[in-house]
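Worksheet: one structure, shown below.
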Amino acid sequence: MRIGELGKATSTKIETIRYYEQAGLLPPPGRTSGNYRSYGEAHLARLSFIRRARALGFGIDQVRALLDLSDDRTRDCATVDRIATMHLQDVDRKIADLKALRRELSALVSSCEGGVVADCRIVEALGPTDRGEGSA
């Protein structure tokens, strides 16, 4: 199949497929007699794997490591578990950060009493704070 067909089959932009090739995540495809890239089922399966891993938030280096591990199906999956566990911990940290951000933003919004911008508590909270350090 050609690159456009591979892209359509995996909902991946052509530029992204080329990027994955340059990054070494996808092996170089063969070429047709007309010098078009020719992708096979292995490319389709590998690109689908990459897309799913990226959708789950794995970084490029993590995807590369997971692909390397998946290439040898007889290996122990402890390393895969470790990569996924570390990623889950990162996701949990991001969720905690977002929850704290939400609480702070919600408190700001709740403090709004209407009126004019000069008296707006949200604008006041976003402005510089005077910590007695003097002006620079």
Placing each pseudo-label 7 Å from Cα in the direction of the beta carbon, VAL91 and SER110 end up separated by a distance in nanometres of 2.9
Which value in nm describes the separation of the simple spin-label points at ASP81 and MET1, placed 7 Å from the Cα toward the beta carbon?
-> 3.5
Could you grab the relative contact order for the chain? Cα pairs under 8 Å, six or more apart, rounded to a whole percent.
-> 14
Give the shape of the stretch 29-87 as rounded, prolate or oblate, defined through the alpha-carbon gyration tensor: a ≥ b ≥ c are the square roots of its eigenvalues, a/c under 1.5 means rounded, and otherwise the shape is prolate if a/b is larger than b/c and oblate if not.
-> prolate
Residue-normalised accessible area of the chain, given per residue in Å² at a 1.4 Å probe | 75
Relative counts (whole %) of C-alpha pair distances in the chain, using bins that are 10 Å wide | 10, 25, 19, 14, 15, 12, 4, 0
Within the chain, excluding any GluC sites (Glu not before Pro) found in a DSSP loop (not H, G, I, E or B) and having at most 12 other Cβ atoms within 10 Å, the longest uninterrupted segment runs 1-112
Surface share of carbon and sulfur [accessible, 1.4 angstrom probe, percent] for the stretch 46-130 | 56
Quickly work out the ARG73-to-ARG31 label distance, labels modelled 7 Å from Cα along the C-beta direction, and quote it in nm with one decimal.
-> 3.2
Translational diffusion of the stretch 59-136, µm² s⁻¹ [Kirkwood Rh, Cα pairs; Stokes-Einstein; 4 °C; 1.567 mPa s] = 76
Any idea what angle helix 78-110 forms with the longest principal axis of the chain, computed on alpha-carbon atoms, 0 to 90 degrees, nearest 10?
-> 30
In the neighbourhood of CYS112 defined by beta carbon distances under 13 Å, the net charge of the other residues (Lys, Arg +1; Asp, Glu -1) is -2
Largest first, how would LYS99, LYS13 line up by accessible area (1.4 Å probe)?
-> LYS13, LYS99
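The values are calculated or read from the model by the stated rules, or taken from the named source; none is laboratory data. What you see is a predicted model; the values in this text were computed from it and never measured. Note that each Cβ is placed from the backbone with ideal geometry, even for glycine, and that neighbours are counted across all protein chains shown. With ligands, DNA and RNA removed, areas are computed over all heavy atoms of the protein, side chains included. Shrake-Rupley method; radii C 1.70, N 1.55, O 1.52, S 1.80 Å.
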